[in-house]
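Derivation of every value follows stated rules applied to the coordinates shown; laboratory data play no part. The model shown is predicted, which means the values in this text are computed figures rather than measured ones. Here the Cβ positions follow ideal geometry from the backbone for every residue, glycine too, while neighbour counts run over all protein chains shown.
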Amino acid sequence: MESQNLKQRIRDESTVTNNTTNEINKNKRSKRTIMAKRGLRSLTIAVAFPISLTLATIYCSGGSLAKKPFFWALHLASLASSFLMGLSGWLVWAEGGFHRKPTVLYLYLAQLILGLLWAPITFTYGATRLGLIVCVSLFGALVGCSQSFRRVNPIAADLVKPCLAWVAFMTIVNFKLLFI
């Protein structure tokens, strides 16, 4: 009789242990789900913000430029660049890079502002010399972003490379506009 009680006690303890383990696992899964939802929400904001600002700039400075296919390609490439910079900025933010090194944030904001200013200055107002200065400054800010991002997250720095190529092309276009 004593052996039956002993076996039953072991079974009861294992059932209690399994129930607590299951509850702990459920809590961990729910915490992971919450964290994933927060991460997805912050990623959406980090990418949507620069894209919406770029779209607003395109809309405000569009006008007669929208009729030429070259300018549509220019706008699409600017949107792609905004997307990549938003994604790389989010990767740096997720690693805590903006909090640990505030200069990274300043470089990111500088490239965002300069990127938004270039097209209206160059095409809407026709100030190609000032546009060239803005473009070269944008290239410098992107180089700084790339180097700073590399210290925090190498993938974020690699996402800046296509943006650097795009700004180099914009600089050439802007330089050619000086002589037209």
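Just subtract the alpha-carbon distance of ALA165 and GLU95 from 0.36 nm times their residue separation and send over the number in nm, one decimal. Before the final figure, lay out each step's value.
Working: separation 70, 0.36 × 70 = 25.20 nm, distance 2.53 nm.
The span from ALA165 to GLU95 would gain 22.7 nm if fully extended.
Could you go through segment 163-173 in sequence order and give the Karplus-derived ³J(HN,Hα) for each residue, using 6.51 cos²θ - 1.76 cosθ + 1.60 with θ = phi - 60°, rounded to whole Hz, and x for Gly and Pro?
Those phi angles translate into 5, 4, 5, 5, 5, 4, 5, 4, 5, 5, 4 Hz.
On a full-extension model of 0.36 nm per residue, what is the gain between THR21 and VAL173, subtracting their alpha-carbon distance, rounded to one decimal in nm?
48.4 nm
If you build the convex hull over the alpha carbons only and average its shadow over all orientations, what do you get for segment 48-177? Give it in nm² to one decimal.
Mean projected area for segment 48-177: 7.0 nm², to one decimal.
Rounded to the nearest 20 Debye, what is the dipole magnitude of segment 48-177 about its Cα centre when Lys and Arg each give +1 and Asp and Glu each give -1 at the C-beta?
About 180 debye.
Set the Förster radius R0 to 35 Å, insert the Cβ-Cβ distance between LYS37 and LEU105 as r into 1/(1 + (r/R0)^6), and round the FRET efficiency to 0.05.
According to the calculation, E is roughly 0.90.
State the answer as a single residue: which of GLY97, PRO120, ALA80 lies farthest towards the positive end of the charge dipole of segment 48-177, with beta carbon charges of +1 for Lys and Arg and -1 for Asp and Glu, about the Cα centre.
PRO120
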